[in-house]
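Note sheet for the following structure.
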Amino acid sequence: MHGFANPARFLRLARVLTGPLLFTGIGLTLAALAWGLFGAPAERLQGDSVRILFVHVPAAWLGMGGWTAIAIASLAELVWRHPLAAIAARAIALPGAFFALLCLVTGSLWGRPAWGTWWVWDGRLTSMLVLFFLYCAFIALADAANRDGEGGSRVPAIFGLVGAVNIPIIHFSVLWWNSLHQPPSITVGKSEMAPAFLYGLLAATIGFSLIFGAVVLMRMRTILANAQAEARLRRRAMEALDD
Amino acid sequence: MSGAIKAKHQRLVLVVIALVALIGAGLLAAWSLRSQASFFYLPSEMVANPPEPDRPVRLGGMVEAGSLKTDADGVTIRFVLWDDKGRVPVEFKGIVPDLFQEGSGAVAEGKRRADGTFVADNLLAKHDEKYVPREMKNMTADQARQVVEQTK
């Protein structure tokens, strides 16, 4: 892990990985969405509205997975002071927030035809909305901490760990409390989803995840480059002062 | 060097203790919300522990096969919502969602009348976790029973 503590080594690896991740991800996602729109069959009760599944479920997975990654990065920041941890958490927050919002929006559009309502305050929907708000708070907090300079990354890291409590709540909300949202279709080793939906969904999830990974790498490179440029500017200003 | 390792371990222990406390607090909160955070009453709960009449509540269960009837006025429907331990008659006037049908899950928003009938002013359809193409919709009786079990 600390092999990547050296930003130069990380940047070399990230530069090599970004392109392949991005293009494989885009290709896989497009293929899966095309299957979802034109190939997959209509569902027995929901008809064609089931096709939004191929965006909704990957978005939910990445919204929750994003925060799990932030929590792991926060742990690495707090305990091991890993120099890239805070940068990784900041890089993840924006795409994570985007996918949480995408999950809420597609869910709402799906809920209208399937349930007969755009929104209800049941456990699953409410905890997912809370996740989106947590992302917004994390972005604001991390930006503010970054402006404060060195040593300011501890507060967002604590927030990242505390917010992780919401992740199991989202997952178990449909099991602990009766809710309008149905229980999970795919559990370990078992699927209530016909293969025609399942494999397309799997491909879409992997595709979106690869894009997510590429975006996070790009954002980490941007943050590192910004920090470098800022340091250089500061050094030059100091030199100008000395002259 | 040993000092640095010690500090690292100290931080790890602190963070783990904080996390355990945090998760404990979260679980306790979720546990205490068990009844409050539920989205609806089950039919068995409504039979065993009826809410006072005219308090707005939600009732969720399976629409009993063969129970769906339309009144002479053409817009009022009557059906029975049930689970394995109770059944509650429901009355609703209005347009039902597409997915509302006998043998499926539904959530009715409304009030319990004193005579035990639930008067709904809004109906929501619930769909189960099964995704089945149209061609495969003729489920076996065994599968149908599973569906009923999973609405709880």
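Bear in mind that the values in this text are calculations on the coordinates, not laboratory data. Treat the numbers as computed from the prediction; the structure is a model and nothing was measured. Positions of Cβ are generated from backbone atoms using ideal geometry, with glycine treated the same way; all protein chains shown enter the neighbour counts.
Computed values, structure above
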| quantity | calculated |
| --- | --- |
| Built amide H within the under 5 Å cut-off of B:PHE118, gap 5+ | B:VAL90, B:GLU91, B:ARG113 |
| In segment B:31-114, GluC sites (Glu not before Pro) in a DSSP loop with at most 15 other beta-carbon atoms within 10 Å | B:GLU102 |
| Proximal aspartates and glutamates relative to B:LYS8, as straight alpha-carbon distance under 16 Å, when same-chain residues fewer than 8 apart are discounted | A:GLU77 |
| Over chain A: helical MRE at 222 nm, DSSP H runs n ≥ 4 each giving -39500 (n - 2.57), nearest 500 | -25500 deg cm²/dmol |
| Estimated dipole of segment B:43-149 in Debye, rounded to 20 [Cβ of Lys and Arg +1, of Asp and Glu -1, Cα centre] | 60 debye |
| Segment A:189-225-segment A:20-97 distance, computed between alpha-carbon centres (Å) | 5 Å |
| Once the Cα gyration tensor of the protein assembly as shown is diagonalised, semi-axes √(5λ) in Å | 49, 25, 17 |
| Neighbour-count order for A:LEU202, B:LEU99, B:LEU123, A:LEU233, fewest beta carbons within 10 angstrom listed first | A:LEU233, A:LEU202, B:LEU99, B:LEU123 |
| Mean separation of Cα contacts under 8 Å, 6 or more apart, over the residue count of chain A: relative contact order % | 33 percent |
| Segment A:58-177, relative contact order [Cα under 8 Å, separation at least 6], % | 34 percent |
| Spherically averaged projected area of segment B:1-107 from its Cα convex hull (nm²) | 11.4 nm² |
| Hits among lysines - C-alpha to C-alpha of B:LYS130 under 25 Å, sequence gap 8 or more where chains match | A:LYS190, B:LYS85, B:LYS152 |
| Segment B:43-149, relative contact order in percent, only Cα pairs under 8 angstrom and at least six apart counted | 26 percent |
| Radius of gyration and maximum dimension Dmax of segment A:160-243, Cα, Å | 23.2, 73 |
| C-alpha long axis of helix A:154-163 to longest principal axis of chain A, angle in ° | 10 degrees |
